[in-house]
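The values are calculated or read from the model by the stated rules, or taken from the named source; none is laboratory data. These numbers were taken from a predicted model, which means no experiment stands behind them. Cβ placement follows ideal geometry from the backbone for every residue including glycine, while neighbour counts extend to all protein chains displayed. Heads up: the accessible areas ignore ligands, DNA and RNA and are worked out on the full protein's heavy atoms, side chains in. Shrake-Rupley method; radii C 1.70, N 1.55, O 1.52, S 1.80 Å.
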Amino acid sequence: MKDTVFKNKKVLVLGLALSGFHAAKLLLKLGALVTVNDAKELENNPDAQELVASGIRVIAGHHPVELLDENFSYIIKNPGIPYSNPMLERASELEIPILTEVELAAAIMEAELIAITGTNGKTTTTTMIQELLDYKRSSGKAYKAGNIGIPASAVAQEAKAGDDIVMELSSFQLMGIDQLHPKIAVITNITEAHLDYHGTRQEYVKAKLRITENQTEADYLILNWDQEELRELSKQSKAQIIPFSRQTEVENGVYIKDDMIYFKDEAVCPLSALRVPGSHNVENALAAVAVAKLKEMNNAYIAEALSQFGGVKHRIQFVKNVNGRSFYNDSKSTNIIAAQTALTSFPDKDVILLAGGLDRGNGFDELLPHLTAVKAMVLFGETKDKLKATGEKAGISTIILTDNVTTAVAEAYQISQEDDIILLSPACASWDQYKNFEIRGDQFIEAVEGLE
């Protein structure tokens, strides 16, 4: 493993979870003098206990600001900890560099880095790119890592020269980088988000743009040319700009023409190769095709890989076709906005909507403009009566109330016809009946698998 700036340096890891745990273990391997500080008490903290057993000093149960009097050279912080935390405010006063775990990964990385950020679509685009680059690959491997839930510092140790690491990066992570340098960077889109953390939209956008700050003229920045803001922001990058557009034919970029995806005036593959629905997924695919072409991937392989991409689990995920009915799992739809996105993803199709869950006190009339393609609703959970009232306002004649997701699948199949879309998009959190949305989605998948 490479020697790095962390060798023989005192480093404080602030906050555990997955990223902090793996950061601490990597720092120990790199020869750093590691201290971990986590808010959770040691007796209820198995990760901290494991680190203690490996010889790492752990201070648990509180964040003592006086700990910073020990002259640390670096702090590696959990991305979720805000910079307003008293420990971090004091560290800034002491001019201690504050980094995130992805910077550690960058320090030891031998593989080529492809980094993805944006407000929406990061996880789907990251997964799509990784699956494309790994498809029928003759040598090496494509890994995914980062904000997708896979610690970058763990993947960076496994990946070798000749491999690719496709890394999802949040604005929180990007605020804590120094040398991280993607060969290819992607910005899917930018809207307003996380203002509680960043304070202003300007600071949020500034954090996102850090993805390209270490890029040079030999690197590439792929971004959404349908957003005027990104066209302007691209002027701040030294990288070669590769635009993608769903709306216009862009020069030296990726676009749609005659139902084909083009890259720099070369027809790459038919748009119909893309199996995941929705205009947002078209944009994700355009970004992914740009990366694949920059990596000199064969057009036929791109088409095949896209046709096999079923989406990210629980996010408008294609499950299977049963006797002409297509089942989609969008269990991560825990609010109305997410359900609106799912409902606009199936133009010219009849949809049977499975919805319901935790009652947070809100109504559902915001869904009304998006229910025009819904032929029937199968509803469950605490909100089923509220959703029924909204469905009746929309003029939906078939509305069935049932017990849970499993029974909803059976009811929906019973009333469905060939070519129908059966969509789980609950518009509610799962906690009234399920521990999390993943368990709810898994129950849906299991029920669909059981239909045959």
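Observations, loosely collected:
- Within the range 229-252, residues that are assigned by the TED database to the domain that holds Val291 and closer than 15 Å to Thr188 by Cα have Cβ atoms under 8 Å from residues that are of a type outside the set (A, V, I, L, M, F, W, C) and open to solvent by 100 Å² or more (accessible area, probe 1.4 Å) in these pairs: Pro243/Glu251, counting only partners at least 6 apart in sequence or on another chain.
- The combined condition, being hydrophobic (A, V, I, L, M, F, W, C) and more than 25 Å from Lys141 (Cβ to Cβ), is fulfilled by Phe244.
- Residue in the range 152-172 that is in contact with a strand residue (DSSP E or B) (Cβ under 8 Å, 6 or more places away or on another chain) and free of Cβ contacts under 8 Å to residues at least 40 places away in the same chain present: yes
- Among the conditions (1) open to solvent by 30 Å² or more (accessible area, probe 1.4 Å); (2) charged (D, E, K, R); (3) within 22 Å of Leu169 (Cβ to Cβ); (4) outside any loop (DSSP other than H, G, I, E, B), the only one that Asp69 does not satisfy is (3).
- Once the range 75-99 is narrowed to residues that are at pLDDT 95 or above and either under 22 Å from Tyr143 (Cα atoms) or of a type in the set (Val, Ile, Thr) (or both), the residue that is surrounded by the most Cβ atoms within 10 Å (Cβ to Cβ) is Ile76.
- Residue satisfying all of: in the range 128-146; in contact (Cβ under 8 Å) with a residue 40 or more places away in the chain and either open to solvent by less than 10 Å² (accessible area, probe 1.4 Å) or not in a helix (DSSP H, G or I) (or both); nearest to Glu103 (Cα to Cα) among these: Gly146
- Among the residues of the range 191-236, those identified as under 21 Å from Lys293 (Cα atoms) and of a type in the set (S, T, N, Q) are Thr212, Gln215, Thr216, Asn224, Ser234.
- Restricted to strands (runs of 3 or more DSSP E) entirely inside the range 299-417, those with at least 3 residues that are in contact (Cβ under 8 Å) with a residue 40 or more places away in the chain are 317-322, 325-329, 351-355.
- Note on the range 277-298: among residues that are outside any helix (DSSP H, G or I) and not basic (Lys, Arg), the one that is most open to solvent (accessible area, probe 1.4 Å) is Glu296.
- Among (1) out of contact with any Phe, Trp or Tyr (no Cβ under 8 Å at 6 or more places or on another chain); (2) closer than 23 Å to Gln433 by Cβ, the one test that Asp348 misses: (2)
- Residue check, Pro97 touching a residue at least 40 places away in the same chain (Cβ under 8 Å) and farther than 27 Å from Ile184 by Cα: no
- All positions within the range 189-209 that are polar (S, T, N, Q) and surrounded by 16 or more Cβ atoms within 10 Å (Cβ to Cβ): Asn189
- Looking across the range 435-450, just one residue is open to solvent by less than 50 Å² (accessible area, probe 1.4 Å) and not in a helix (DSSP H, G or I), and that is Asn436.
Residue-wise test of (1) surrounded by 19 or more Cβ atoms within 10 Å (Cβ to Cβ); (2) over 20 Å from Ile116 (Cβ atoms); (3) at pLDDT below 95; (4) of a type in the set (A, V, I, L, M, F, W, C).
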site: Leu306; (1), (2), (3), (4): yes, no, no, yes
site: Tyr328; (1), (2), (3), (4): yes, yes, no, no
site: Asn335; (1), (2), (3), (4): no, yes, yes, no
site: Asp348; (1), (2), (3), (4): no, yes, yes, no
site: Gly356; (1), (2), (3), (4): yes, yes, no, no
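- If you go through the range 210-222 and keep only what is free of Cβ contacts under 8 Å to residues at least 60 places away in the same chain and surrounded by 15 or more Cβ atoms within 10 Å (Cβ to Cβ), you end up with Arg210, Thr212, Glu213, Asn214, Gln215, Asp219, Leu221.
- Where Ala161 falls short, out of the listed (1) at pLDDT 95 or above; (2) among the aliphatic types (A, V, I, L, M); (3) in contact with a helix residue (DSSP H, G or I) (Cβ under 9 Å, 6 or more places away or on another chain): (3)
- When the range 255-272 is filtered for residues that are touching a residue at least 12 places away in the same chain (Cβ under 8 Å) and assigned to a loop (DSSP other than H, G, I, E, B), the ones remaining, listed by number, are Asp259, Lys264.
- Residue in the range 17-34 that is without any contact (Cβ under 8 Å) to a residue 24 or more places away in the chain and either surrounded by 15 or more Cβ atoms within 10 Å (Cβ to Cβ) or farther than 12 Å from Ile76 by Cβ (or both) present: yes
- Qualifying residue in the range 76-88 (condition: without any contact (Cβ under 8 Å) to a residue 60 or more places away in the chain and aliphatic (A, V, I, L, M)): no
- Within the range 38-49, considering residues that are open to solvent by 30 Å² or more (accessible area, probe 1.4 Å) and in contact (Cβ under 8 Å) with a residue 12 or more places away in the chain, the one nearest to the chain's Cα centre (by Cα): Asp47
- Residue count, the range 146-174 (criterion: within 17 Å of the chain's Cα centre (by Cα), within 24 Å of Ala303 (Cα to Cα) and of a type outside the set (Val, Ile, Thr)): 2
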